[in-house]
Amino acid sequence: MHINNIEIGDVTYNNGNKSTVIDICPNTVSIEWSIESIPNFDKTFHTLKDLNKTMKILSVTGDTKNDEVVSEINKEINELFLKYRKHLRVNYPLEYNKFK
């Protein structure tokens, strides 16, 4: 059975949750979902990516552009982001391809 293009077995992913349609009641037109917490690779990826961009800007502007500590933190965050991205591409390619 399906209602408005929603069918039993349809799966959606949102904010670390996997939602699967498990039943559709034809009398009430209500949908029953199974909700499962899953690793939130995309949110973590985008959070690290945003932090990386922010630190990069901080390390080259204003009073902080000559700050060795800020520069070192920027370098470490960049390395961490690249390491995480590579890990996702190699070990979780399907998940990575969903949001890259």
(message) Of the candidates 24, 38, 77, which one comes out as most mobile in a Gaussian network treatment of the chain with C-alpha springs shorter than 10 Å?
(response) 24
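Exposure proxy check: 41, 99 ranked by fewest other beta carbons within 10 Å?
Details: 41 18, 99 12.
In order of increasing Cβ crowding within 10 Å: 99, 41.
Using the count of nearby Cβ atoms within 10 Å as a rough guide to exposure, how do 42, 63, 23 rank from fewest to most?
On the way: 42 17, 63 7, 23 11.
Ranking 42, 63, 23 by Cβ neighbours within 10 Å, fewest first, gives 63, 23, 42.
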(message) Could you give each residue of the stretch 23-33 its phi-based ³J(HN,Hα) in whole Hz, using Karplus coefficients 6.51, -1.76, 1.60 with θ = phi - 60°, and x for Gly or Pro?
(response) 6, 10, 8, x, 6, 9, 6, 9, 10, 9, 10
(message) If you fit an axis through the alpha-carbon atoms of helix 41-60 and take the longest principal axis of the Cα set of the chain, what angle between them do you get, 0 to 90°, nearest 10?
(response) 20
(message) Just to be sure I understand: with springs between alpha-carbon atoms less than 10 Å apart, which residue in 90, 29, 21 has the highest mean-square fluctuation in the Gaussian network model of the chain?
(response) 29
(request) Would you compute, from DSSP H runs of 4+ residues alone, the mean residue ellipticity of the chain at 222 nm, taking -39500 (n - 2.57) per run and dividing by the full residue count, rounded to the nearest 500? (result) -17000 deg cm²/dmol
(message) I'm a student and want to see the number: the projected area of the Cα convex hull of the chain, averaged over all directions, in nm².
(response) 8.8
(message) Given contacts defined as C-alpha pairs under 8 Å and at least six residues apart, what's the relative contact order of the stretch 22-78, whole-number percent?
(response) 22
(request) Note down the nm distance, to one decimal, between modelled labels 7 Å out along Cα→Cβ at residue 67 and at residue 19. (result) 4.2
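Read-outs throughout are calculated quantities, based only on the coordinates presented, and are distinct from any laboratory measurement. Because the structure is a prediction, the values reported are computed rather than measured. No Cβ is skipped: glycine too gets one built from the backbone with ideal geometry, and neighbour counts run over all protein chains shown.
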